[in-house]
Protein chains: 2
Amino acid sequence: MKVLEIYKIGGNCIDNEQVLDTFLNDFTGQAQSKILVHGGGVMAGQMANSLNIPVKMIDGRRITDRETLKIVTMVYAGWANKNIVAQLEKRGCRAMGLSGADGSTMVSVQRNPLPVDFGFVGDLTPEGINTDLINDLLRLGITPVFCAITCTKKGQLLNTNADTVAGVLASAMRKYFHVRLIFVFDKEGVLYPQTGEVIPLLSKKQYQVLKEQKIVTSGMLPKLDNAFAALEKGIEEVYVGKTKLQL
Amino acid sequence: MKVLEIYKIGGNCIDNEQVLDTFLNDFTGQAQSKILVHGGGVMAGQMANSLNIPVKMIDGRRITDRETLKIVTMVYAGWANKNIVAQLEKRGCRAMGLSGADGSTMVSVQRNPLPVDFGFVGDLTPEGINTDLINDLLRLGITPVFCAITCTKKGQLLNTNADTVAGVLASAMRKYFHVRLIFVFDKEGVLYPQTGEVIPLLSKKQYQVLKEQKIVTSGMLPKLDNAFAALEKGIEEVYVGKTKLQL
């Protein structure tokens with residue numbers, strides 16, 4: 001089975017021109033089939049601020065109301081997505097920027113408003129991925145670049161967690177590929193606290209020990225929990241930076 | 001040779017939900033290969049207003065500075081494009097929203113800053129169109145939905161006139177298709193002033209007479225001039241609404 005690499009980049013990459021440049025050079029250099037999934041970075045928040053749209057939070061989680069949906073669609077699917085695509089094309093990588101609406105590539109369901117109404121937020125499962133169309137694009141030599149905007153069957157755009165998008169795409173594309181899922185971040189990988197060197201292979205058991213010893217810092221916990229969850233769902237290879245995870 | 005229909009819609013369609021709905025129903029019903037090109041509507045201006053970004057004009061023409069480019073990319077490639085795609089997918093039309101950056105489908109050149117520096121504005125010619133990739137997408141049953149954002153070889157996004165985009169795409173795609181270019185607008189077509197009925201066929205000569213008699217109103221002049229120019233460039237069929245033009 002052919003290898004498909006799915007890279008997820010977030011704000012720490014998108015908001016730093018130099019980090020993004022380095023990543024896009026490396027990414028373009030990967031010869032095999034690949035997909036890029038990106039989050040939004042700080043720009044959506046800045047735009048909301050400039051437009052005096054208040055950030056609404058419930059239990060520490062952001063609510064996507066109608067105005068916020070407009071902003072994230074503009075920033076993620078418009079500015080961020082098209083700039084990443086332009087930078088990849090400039091490097092000779094044949095890229096196509098997509099939201100879940102495009103070709104119904106990612107059909108989601110609006111999250112149940114009970115117990116908490118998060119607004120225009122989409123939940124995505126592998127059944128919602130148009131794997132055939134994505135595979136057709138890959139066979140044309142196209143690298144899909146997905147922003148984390150999905151869409152319901154009824155044409156409602158929805159804000160979606162970018163880590164979730166990457167994980168669900170990875171699960172779904174196993175139909176056609178041996179999938180390698182890579183969560184890119186600003187560090188090289190998970191680091192040994194003493195030496196600062198990358199841990200090449202991290203088992204779930206070792207991860208538990210690092211957590212208990214509070215060696216893995218708080219910012220890394222959700223990233224690693226999410227990455228191990230992807231591994232548990234059957235994705236063949238999962239990396240956090242250059243650290244390979246195993247169960 | 002197979003027929004390809006290229007529809008161009010502007011603000012009068014995009015800004016009116018009911019007009020857009022009717023158009024998208026008709027568009028989805030067209031069985032042959034088709035492309036949609038859309039302008040931006042009033043939202044970009046509203047967004048610039050809300051963000052207190054002044055509209056800069058020289059000789060009555062808008063200048064696209066860096067901040068304006070960001071706004072038009074967000075509004076055209078993000079909000080407008082993804083909503084149109086979502087509404088088409090809901091109707092069962094397999095649509096994919098693209099800028100010129102995506103797959104280098106529309107590679108433009110930044111307009112010479114002399115004599116007037118229009119800023120981040122792109123000029124597009126048929127040589128800049130990736131006709132092979134667009135044809136590949138059409139063969140997959142995909143309807144490309146283009147916003148009027150193009151991109152240089154060096155990855156610079158550029159604001160481009162949507163009528164020009166439609167005309168240049170039409171010229172370029174003649175390589176593979178018998179092209180029918182349709183400029184959609186709020187009226188049914190060019191109307192007889194007495195009866196209000198659509199003129200089914202309008203020759204350039206008749207158009208000159210209507211202009212001299214001031215029967216064609218001023219708002220229609222640039223549209224019709226532009227449409228006749230497309231016809232003169234060799235595009236097989238050009239319509240303004242339901243009025244077919246001929247030389």
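Brief remarks follow.
- Euclidean distance of C-alpha centroids, the range A:168-224 and the range B:190-225, integer Å: 67 Å
- The charge dipole of the protein assembly as shown, taken about its Cα centre with unit charges on the Cβ atoms of Lys, Arg (+1), Asp and Glu (-1) only, comes to about 440 debye.
- Two-site FRET efficiency, residue B:192 against residue B:127, from Cβ-Cβ distance with R₀ of 41 Å, rounded to 0.05: 0.55
- For the range B:126-247, the relative contact order works out to 27 percent when only alpha carbon pairs closer than 8 Å and six or more residues apart are counted.
- Residues B:188, B:197 arranged by fewest to most Cβ contacts within 10 Å: B:197, B:188
- Distances, shortest first, from the label point of residue A:232 to those at the same position in the other copies read 6.9 nm; the point lies 7 Å along Cα to C-beta.
- Bridgeable aspartates and glutamates around residue B:205 (alpha carbons under 15 Å apart, same-chain partners fewer than 8 residues away excluded): B:225, B:232.
- Arranged from fewest to most other beta-carbon atoms within 10 Å of their beta carbon, B:142, B:58 become B:58, B:142.
- Proximal aspartates and glutamates to residue B:34, defined as alpha-carbon separation beneath 17 angstrom and excluding residues fewer than eight positions away on the same chain: A:102, B:5, B:26, B:89, B:132, B:136, B:163, B:236, B:237
- The two copies B and A are related by a rotation, and the chain B beta carbon nearest its axis, with distance in whole angstrom, is B:78, 1.
- DSSP beta bridge pairing in the protein assembly as shown, given as percent antiparallel to the nearest 5: 30 percent
- Label zone at residue A:51 (point 7 Å along Cα-to-Cβ), backbone N below 18 Å, the range A:156-194: A:156-160
- Within a Gaussian network of chain A (alpha carbon springs, distance under 10 Å), most fluctuating of A:30, A:18, A:194: A:194
- Summarised in one figure, the compactness ratio Rg/Rh of the range A:33-115, Cα atoms and Kirkwood Rh, is 1.03.
- Here the convex hull built on the C-alpha positions of the range B:74-114 has a volume of 77 cubic angstrom per residue.
- Taking amide H positions as modeled 1.01 Å from N, with prolines and chain starts lacking one, no residue 5 or more places away or on another chain lies under 5 Å from residue A:16.
- Note on residue A:114 and residue A:1: their simple-model spin labels are 4.0 nm apart, each label 7 Å out from Cα toward Cβ.
- Summed over all non-identical Cα pairs, the Kirkwood treatment of the protein assembly as shown gives a radius of 23.9 Å.
- Inter-copy spacing of residue B:60 label points, which lie 7 Å from Cα along Cα→Cβ, given in nm from shortest upward: 6.0
- Percent antiparallel among DSSP beta bridges (both partners in chain B, rounded to 5): 30 percent
- On the beta carbon distance between residue B:242 and residue A:208, with R0 = 51 Å, the FRET formula returns roughly 0.15.
- Here the residues B:76, A:7, ranked from fewest to most Cβ neighbours within 10 Å of their Cβ, fall in the order A:7, B:76.
- For residue A:217, the label point sits 7 Å beyond Cα toward Cβ; its separations from the matching points on the remaining copies run 6.4 nm, from shortest to longest.
- Once the C-beta distance of residue B:18 and residue A:30 is scaled by a Förster radius of 45 Å, the resulting FRET efficiency is 0.45 to the nearest 0.05.
Throughout, read-outs are computed from the coordinates displayed, never taken from laboratory work. Remember, it's a predicted structure, so these values are computed and weren't measured experimentally. All Cβ positions, glycine included, derive from the backbone under ideal geometry; neighbour counts span all protein chains shown.
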